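See structure below.
What follows draws every value from the coordinates through simple rules; no lab data is involved. It should be emphasised that the depicted structure is a prediction, and the values quoted were computed from it without experimental measurement. Cβ coordinates were reconstructed from backbone atoms using ideal geometry, including for glycine residues, and neighbour counts include every protein chain displayed.
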Amino acid sequence: MKTSATPTTFPSAEIGREMNGADCVVECLIREGVDVIFAYPGGASQDLHQALARTDKIRTILPRHEQGGSFAAEGYARVTGKVGVCMATSGPGATNLVSAIADAYMDSTPLVAITGQVKSKFIGKSAFQEIDFYGMTLPVVKHSYLVMNAQDLPRIFKEAFHIARSGRPGPVVIDIPKDVQQAKITPVFPATVEFRNPYIGAAHRATDEQLKQILPLIAGAKKPVLYVGGGIISADGHAELKVFAEKTNIPVATTLMGVGAFPEAHPLSMQWFGMHGAAYGNWAVDQSDLLFCLGARFDDRITGDAGKFAAGAKIVHIDIDASEHNKNKHVLLPILSDIKYALGRLNELIAVHKFTPPDTSAWHAQIAQWKKAEPFDSSAGFGKSPHILPQEAVAALYELTKGDAIITTGVGQHQMWAAQFYRFNEPRRFISSLGLGAMGFGYPAALGAKVARPDKQVIDIDGDGSFVMNIQELATAHIEKIAAKAMILNNQHLGMVVQWEDRFYGSVRGNTILGDESNVGGPENPTALYPDFVKIAEGFGVKGRRVIKKSELRSAIQEMLDCDGPFVLDVIVPYTEHVLPMIPAGKTVKEMILK
Ligand SMILES: Cc1ncc(C[n+]2csc(CCOP(=O)(O)OP(=O)(O)O)c2C)c(N)n1
Ligand SMILES: [Mg+2]
């Protein structure tokens, strides 16, 4: 397609040389600081790959499945805070991106997903590999574009990256027909973006009037709690949070998205709360008289029965997304603000007004007593089992890595144990699919994380069910030399579903056994273990080891850590363990199962 449109004029812009649309896309990516893209080619995105082949400024990583590539882009984004970029061809390539786009939407991850589209003259004609990807992804994107004029590419890419990373981050889809990629243009690169909708570009900041209402609330509270979500991490507000918590002497409970936003080793930390979170965190939130919800969204896995959640508390909710205010829970004081700014300004107001927190020693004593009575990660039971317990494997990994690894996970029991038994003192260290809960996230996310942080140990603590869902990414790890490790807590079952079967469905197994149902493998029946993950890894050229004996657990983990390439450690554990504590879905803290 030859575009006749004259270049758009911008207040401050740079006119490029003549190039085709695909080269223009690559130029836009370079200008946005993109250094890696996870991209799988096809007819409708081939020109884009040809353009990528013409640059040495961007590393193009070929995943073995578009879902793997897009989860990897998310892993990269979650670890760096930068926008992750993935790309796929039209039709089946694009549909394979949907899970990651939905995941990025649910977990507020900055992601730009580029898709090739059939030639524009075929759009709407049910052409080969034509899918209305713009329409299909509408409910799970922050924004999306179908580019019909190559001249629009620079503006669209500038906007897309801005939207993906600003405010509450999220996914943006850019669908580019093949003829737009091939069109010859003289691009005009805008230096900045302007949105006709002022809300999009606005930097929301709490006013002093709003913030000044907070200090008297703290002064009057006897049982205050900070409920901290992933918004603190997105906003890079963890340093301000620490100062605020210490200056006000308020205990902190995070969500799973917020893990690492506040150091878990800090005396004020109550780790994370919710369905499988610390009992004391749940009790404290339940009993609180003042609850600060910071960058979180009253998810049902946090609240249980929202009507009875923190029923006696005055609630302050600071969030960058106005649509979260009063959505799941009515609050006393909703404040629309960048959370880093709000906390920083609150800290200044505290200093200016020489604010001293009230005496809440009775509350702190109560929490200390709860912590003693019901420790979160009690290791007391490990010795009792002749077999390696899954919790024990995570605790050993924590010890042997000195708490310094980046951990990704699949979805299931292992995910909860990873969060319970590994301690996180820094943000962007616990990377997991939380809102969507997408099995198969762990290993590709670890690849993306390791590409971003080659200096760190990156370990996917995975389930045997979840790992299989993107097992083909072992090939990507081997070929691209990405030393991401997987430690599989192999219980031969879809353990989390089994747990619900045991608790709520009379232990009837409804397709939750992953091997031969008549000969179930496990530590007591090792010959029936299925599949053989070590052999599969070897087939992909990746080292692996299976460990069954408790006495060999630590040396096996050490071997994995010492390996300078990718590694699969298959840890055989019994399937009989349950993740506790547990607040059954839709119930309250009073119904929490502890034993
Ligand atoms: C893509 C996808 N399909 C189904 C589920 C439902 N689901 C949640 S946890 C789980 C079991 C996961 O098994 P595994 O990965 O072995 O972990 P485990 O619970 O055994 O540790 C299932 C099937 C899901 N979360 N994601
Ligand atoms: Mg399992």
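Taking the Cβ of each residue in 254, 95 as the centre, tally the other Cβ atoms inside 10 Å and list the residues starting with the fewest.
Working: 254 32, 95 17.
Lowest count first: 95, 254.
Using a cutoff of 8 angstrom between alpha carbon atoms and counting only pairs six or more residues apart, the relative contact order for the stretch 9-151 works out to 21 percent.
Normalising the average separation of contacting C-alpha pairs (under 8 angstrom, six or more residues apart) by the number of residues puts the relative contact order of the chain at 14 percent. Per-residue packing, averaged as other Cβ atoms within 10 Å, sorts the ranges 66-73, 539-546, 294-301 into the order 66-73, 294-301, 539-546, beginning with the highest.
Measuring between their Cα centroids, the stretch 208-270 and the stretch 459-474 lie 34 Å from each other. Please say if the stretch 198-314 is rounded, prolate or oblate, where rounded means a/c under 1.5 for a ≥ b ≥ c the square roots of the C-alpha gyration tensor eigenvalues, and otherwise the choice is prolate for a/b larger than b/c and oblate otherwise? Here the stretch 198-314 falls in the rounded category. For residue 36, the amide hydrogen comes within under 5 Å of the amide hydrogens of 59, counting only partners 5 or more places away or on other chains and with H modelled in the peptide plane.
Contact order normalised by length for the stretch 421-533, with contacts defined as Cα pairs under 8 Å and 6 or more residues apart; what percent is it? Before the final figure, lay out the partial values.
On the way: 134 pairs, mean separation 21.8, N = 113.
For the stretch 421-533, the relative contact order is 19 percent.
Sparse packing (at most 15 other Cβ atoms within 10 Å of the Cβ) combined with a DSSP loop state is found for the following chymotrypsin sites (Phe, Trp or Tyr not before Pro) in the stretch 128-198: 128, 195.
For a test of the definition: using alpha carbon positions, the gyration tensor, and the 1.5 limit on a/c, classify the chain as rounded, prolate or oblate. It is oblate, given that a/c is not under 1.5 and a/b is not larger than b/c. The phi-based Karplus calculation (6.51 cos²θ - 1.76 cosθ + 1.60; θ = phi - 60°) puts the 3J(HN,Hα) values of the stretch 227-232 at 10, 10, x, x, x, 5 Hz, whole numbers, x for Gly and Pro. In terms of packing, defined here as the mean over residues of other Cβ atoms within 10 angstrom, the peptides 495-506, 434-445 line up highest first as 434-445, 495-506. Placing unit charges on each Cβ (+1 for Lys and Arg, -1 for Asp and Glu) gives the stretch 177-317 a dipole about its Cα centre, and among 219, 248, 180 the Cα reaching farthest toward its positive end belongs to 180. Distances between placed amide hydrogens fall under 5 Å for residue 331 paired with 326, all partners being 5 or more residues away or on another chain. Projecting the Cα atoms of 398, 365, 86 onto the charge dipole of the chain, computed from C-beta unit charges around the Cα centre, puts 365 farthest toward the positive end.
3J(HN,Hα) along the stretch 172-187: 10, 9, 10, 9, 10, x, 4, 5, 5, 5, 8, 5, 8, 9, 10, x Hz, from the Karplus curve 6.51 cos²θ - 1.76 cosθ + 1.60 with θ = phi - 60°, whole Hz, x for Gly and Pro. Protection proxy ranking for 273-285, 349-361, using the average of other Cβ atoms within 10 Å per residue and placing the highest first: 273-285, 349-361.
In the stretch 535-595, a dipole from Cβ-located charges (positive for Lys and Arg, negative for Asp and Glu) runs towards its positive end, and of 579, 547, 565 it is 579 whose Cα lies farthest in that direction.
Whole-Hz Karplus values for the stretch 291-302 come out as 10, 9, 9, 10, x, 9, 9, 6, 4, 5, 6, 9 Hz, taken residue by residue from phi with 6.51 cos²θ - 1.76 cosθ + 1.60 and θ = phi - 60°; glycine and proline positions read x. When DSSP beta bridges are restricted to pairs lying wholly in the chain, around 10% turn out antiparallel.
Run the helix sum for the chain: -39,500 (n - 2.57) per DSSP H stretch of 4+ residues, divided by residue count, reported at 222 nm to the nearest 500 deg cm²/dmol.
Numbers: 25 runs with 213 residues, N = 595.
After summing the helix terms and dividing by the residues of the chain, the value is -10000 deg cm²/dmol.
Give me 47, 107 sorted ascending by neighbouring Cβ count inside 10 Å, so fewest comes first. Each step should come with its number before you reach the end.
On the way: 47 22, 107 26.
Least to most surrounded, the residues fall as 47, 107.
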